[in-house]
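Q: Before anything else, here's the structure in question.
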Amino acid sequence: MKIAILDTSTAREVTYAPNKNDVESTCASERLLELLADGYTVFIASTRTKLYPQFDSCVTDLIPTERFFLVNPELEHNHGESPGLIDVWVRVLTAAGIEVPPIVTGSGFDNTDWTSLRWYAKDQGVVIY
C-alpha cells in the first residue's frame with residue numbers, strides 16, 4: 001500500500017479575501033489530488049483541534065474521516081515536544097500500519113518530538129508533505 005501523510009495546510013488551498021483575514025474559498029490541493037490519483041492512501045495529521053466544514057469539506061469529501069488525526073485539545077500542543085503533537089503522530093502512524101518507534105519515557109514523551117516521528121515515517125517509505 002502506498003501511504004502519504006499530509007497536514008491540513010498541504011491538503012487544501014485557501015484563497016483569502018482582499019482584507020487578508022477572511023477566507024474567500026478553499027479547494028483540495030493539486031498535490032492531494034495527485035496523490036489520490038496515483039493510488040495513495042492519504043492520512044491527515046493536523047496541528048488543529050477541530051475541522052471546519054465550511055473550509056475543510058474540500059478535503060473531508062475526498063478522505064474518510066477515520067484518516068484524519070487532530071490534536072486532542074486537552075493535551076499541550078504549542079511546541080515540537082508537546083504531548084498533543086506527538087500523540088497525533090503516534091495515532092496516524094498506528095492507523096497507517098507503521099510500527100511506532102520506542103518513545104523514551106519520563107513524563108511520557110521525553111527526548112522525542114513530532115518531527116522525529118515524521119522523519120521516521122519518511123524513512124519507512126511514507127510520502128510526507
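Q: From the set of residues in segment 15-44 that are surrounded by 10 or more Cβ atoms within 10 Å (Cβ to Cβ) and touching an Asp or Glu at 6+ places or on another chain (Cβ under 8 Å), which is farthest from I98 (Cα to Cα)?
A: A17
Q: Take T65 and tell me if it is free of Cβ contacts under 8 Å to residues at least 12 places away in the same chain and farther than 26 Å from P102 by Cβ.
A: When the stated conditions are applied, T65 passes them.
Q: Separate question: Taking the residues in segment 61-87 that are at pLDDT 95 or above and part of a helix (DSSP H, G or I) as candidates, determine which candidate is surrounded by the most Cβ atoms within 10 Å (Cβ to Cβ).
A: Looking at residues that are at pLDDT 95 or above and part of a helix (DSSP H, G or I), I get R67.
Q: Considering only residues that are part of a helix (DSSP H, G or I) and either of a type in the set (D, E) or on the phi > 0 side of the Ramachandran plot (or both), which ones fall in segment 9-37? Please lay out each step first, then the result.
A: Pass one, segment 9-37, residues part of a helix (DSSP H, G or I): 9-11, 30-37.
Listed by number, the residues that qualify are E30, E34.
Q: So, of the residues in segment 1-14 that are β-branched (V, I, T) and within 20 Å of F69 (Cβ to Cβ), which turns out to be surrounded by the most Cβ atoms within 10 Å (Cβ to Cβ)?
A: Pass one, segment 1-14, residues β-branched (V, I, T): 3, 5, 8, 10, 14.
In the following step, the residues that additionally are within 20 Å of F69 (Cβ to Cβ) were identified as 3, 5, 8, 10.
Numbers: I3: 21, I5: 26, T8: 19, T10: 16.
Checking each candidate, the answer is I5.
The values are calculated or read from the model by the stated rules, or taken from the named source; none is laboratory data. Only a predicted model underlies this, so the values are computations on that prediction, with no experimental measurement involved. Backbone-built Cβ (ideal geometry, glycine too); neighbour counts: all protein chains shown.
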